1. Run the dipole for segment 1-110 about the Cα centre, Lys and Arg Cβ at +1, Asp and Glu Cβ at -1, nothing else charged, and hand back the magnitude in debye, nearest 20.
2. Using the Cα centre of the chain as the reference point, and only Cβ charges (+1 on K/R, -1 on D/E), how large is the resulting charge dipole? Debye, rounded to the nearest 20.
3. Given the peptides 138-149, 256-267, 224-235, arrange them by the average over their residues of other C-beta atoms within 10 Å, most packed first.
4. Give me the percent of DSSP beta bridges within the chain that run antiparallel, rounded to the nearest 5.
5. Rounded to the nearest 20 Debye, what is the dipole magnitude of segment 79-222 about its Cα centre when Lys and Arg each give +1 and Asp and Glu each give -1 at the C-beta?
6. Could you work out how far helix 205-216 tilts from the main Cα principal axis of the chain, as a 0 to 90 degree angle to the nearest 10?
7. Can you tell me the orientation of helix 166-176 relative to the chain, as the angle in degrees between its alpha-carbon axis and the longest Cα principal axis, to the nearest 10?
8. Which entry in (1) 50; (2) 35; (3) 40 matches percent of Cα pairs over 28 Å apart derived from the coordinates of this structure?
Amino acid sequence: MGATFQLVVSDLDGTLLDPAGEISPRTLAAVRRLRLVGTRLALATARRWTGALPVARALDLRDAPLIIYDGAQVRLYPSGEIMRSETLPAETVQAAAMILAEYGLQPIAQYGDVTGEWLRVSAEAQHPEWAAEYLGKSADQITRVPLAELCHGRADPLRLVAFGPLSRLRRAAVELATLGCGRQLLLVGNYGTSELTIFSATASKGAALVALAARLGIPLARTLALGDGTNDASLLRAAGLGIAMAHAPRRIRALADALTASNAEDGVALALERYVLTPHAST
């Protein structure tokens, strides 16, 4: 008899990774056992390809789909094959960049394909310190251009991002609603400041899961997803079994089908052991 769940999809930061950003021994052991029961693992993250690669390598994944850019792209690890990609029209991103700049924010357009990943960054930054840490970690991918040329006449990017004070980002997000884009505002992101991301209105981790399951011929009822953040809401709703971490916001815990322990307490390993790895595991 095959595993109850044929596909497990896990968020990374705050979920599969512990508070130090590491993979605990118990979680690593549980992930490796998934192969033995015939269950595939996919990672789902706001990170880009280059940010997700170290985790995929540490897990020793094989032919594993990586849902990246919060669902705007799905790539197969380790080959890098692009399985799905949802870009934003360049002119829409250019308009969004102009709005961000009006609030003193530095627009950063994110691109990625099989040739690599790159960033087009507005050279006119009123407060360069707000994005300094992020840009410092991606220095080799950056092309600085005048604001008016950020995306005009260029290929369609996957996302547009800005870092800065929450109050400014909130005001900008309200105005950006007129463009019909998807938006996500994080109070505090991985770079220690608030961040606003703009992407295709149809891109999400949940939509990527639905498309991935269809491509793999796996019924959604036989998918299991784990997450802890607002950007995991669509993922938990789409999966056959959506599991929220104990430390997730109340709204995320409320929409989940089940709860597990926090990422400081091997919550992912506990969920896999209970619902996938235990003989005859079921919901």
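1. In total the dipole reaches around 620 debye.
2. The calculated dipole for the chain is roughly 680 debye.
3. In descending order of packing, they fall as 224-235, 256-267, 138-149.
4. Once the DSSP bridges in the chain are tallied, antiparallel ones form about 55 percent.
5. 500 debye
6. 50 degrees
7. It is inclined by approximately 80 degrees.
8. (2)
No value in this document is a laboratory result; all are computed from the given coordinates. Small disclaimer: the values here were computed from a predicted structure and weren't measured. Please note: Cβ atoms are built from the backbone with ideal geometry, for glycine as well, and neighbour counts cover all protein chains shown.
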